[in-house]
Every structure is written in C-alpha cells, then in structure tokens.
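The values are calculated or read from the model by the stated rules, or taken from the named source; none is laboratory data. Quantities reported herein were computed from a predicted structural model and do not represent experimental measurements. Counting neighbours? That spans all protein chains shown, and the Cβs are built from the backbone with ideal geometry, glycine included. Accessible surface areas use protein heavy atoms only, side chains included; no ligands, DNA or RNA. Shrake-Rupley method; radii C 1.70, N 1.55, O 1.52, S 1.80 Å.
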Amino acid sequence: DLGPLSELLRPLEEAGTLIRRSLAELEEDITSFTVVQREGRLIGCCLLKKISEEVGEISAFVVHEEFRTEHRGDALLDYVEQRARNAGMKRLVLLTTRTGDWFTARGFTREGTAHLAQGVLPEERLTAIDPQRKSILFTKILDTGFCGPPGSRIGY
C-alpha cells in the first residue's frame, strides 16, 4: 500500500520542498525506499538510487514532524549510508532547497548550484534538474571503515 508513503511525502511536496511523485513513480521506486515505522505508523523515509557505478543519490528524505527531535533523521541517514556502502557506492549526492545545514552537519559538502554541477553528476541526471527550483548539490564520500549490515550501528 503506497498510501502511507504518499501521505508522508505530501506536506513537503505541497510546500515545494520535495518534487511531487505520482503513485506510479512511487511504485516504480518502492524497492529503493527505506522506511521507518513506529507502532505500525510510517514516520520516515528515504529514497536511495544508484546513479552511476559508485554514486548514489538520496532524495525524498523525510521524517514526520512529530518525530524530528528524536534523532530519527540521524538514524535513517546512518542506515541509508550503510545500505549504500554495502551496494558498493563510494559517494552520495543529494539536491536540496532548504535542509542543507542539516546535511552539512552530518558530513556532506556543499558543491554549489545543482544544475551547474558539471562533472559531479552524470549528464542525464543534470538534464533532469529544474533550474527554477534553485537546488543546491551536496556530496559525501563514504568511509569504508565499517561495512556491516544496515542498522547494525544504530540499534535497529
């Protein structure tokens, strides 16, 4: 059932923070989503897609506002980073219009305006970026010192 995922994303899509995704798009990407549930309720999600041999893109990173003070975002990001390492990714990228400081505090580096990021993103990804959104590109080199199963460092 994609309803709870769509409902979690909707407020940030309506605010313009996230790009709208149709139910068909969510269904196509569903196996690339990591979700966080609490007592049967969907409270967080993150989409991780491999965009080149060693690069993964994080998008649709959401933690429900009621749970943002409980470090759920940190736990979700750590889990997704471990998934990326286990899949052979060495670098993560993400585009954001509003939460750059949060990602910078977690080891991401601001690379500049996303649609101008020649040499950082594959050409086919660059052409899909809407310049009017004024997204900023952030990257993170993944350390390879620990590569256990996802969640093994965060108590899941």
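So in region 82-102, with the set limited to residues that are without any contact (Cβ under 8 Å) to a residue 40 or more places away in the chain and open to solvent by less than 40 Å² (accessible area, probe 1.4 Å), which one is nearest to the chain's Cα centre (by Cα)? The residue in question is G100.
I need the full set of residues from region 46-64 which are part of a loop (DSSP other than H, G, I, E, B) and not charged (D, E, K, R), in order please. The answer is H64, and nothing else. One residue stands out in region 20-47 among those that are touching a residue at least 40 places away in the same chain (Cβ under 8 Å) and either touching an Asp or Glu at 6+ places or on another chain (Cβ under 8 Å) or of a type in the set (V, I, T) (or both): the one that is nearest to V80 (Cα to Cα), namely T34. For region 59-83, a tally of residues being under 15 Å from S6 (Cα atoms) and hydroxyl-bearing (S, T, Y) returns 1. Just one of (1) under 20 Å from A128 (Cα atoms); (2) in contact with a helix residue (DSSP H, G or I) (Cβ under 7 Å, 6 or more places away or on another chain) fails for S52. It is (2).
Looking across L116, L26, one residue alone is of a type in the set (A, V, I, L, M, F, W, C), open to solvent by 20 Å² or more (accessible area, probe 1.4 Å) and under 27 Å from K134 (Cβ atoms). It is L116.
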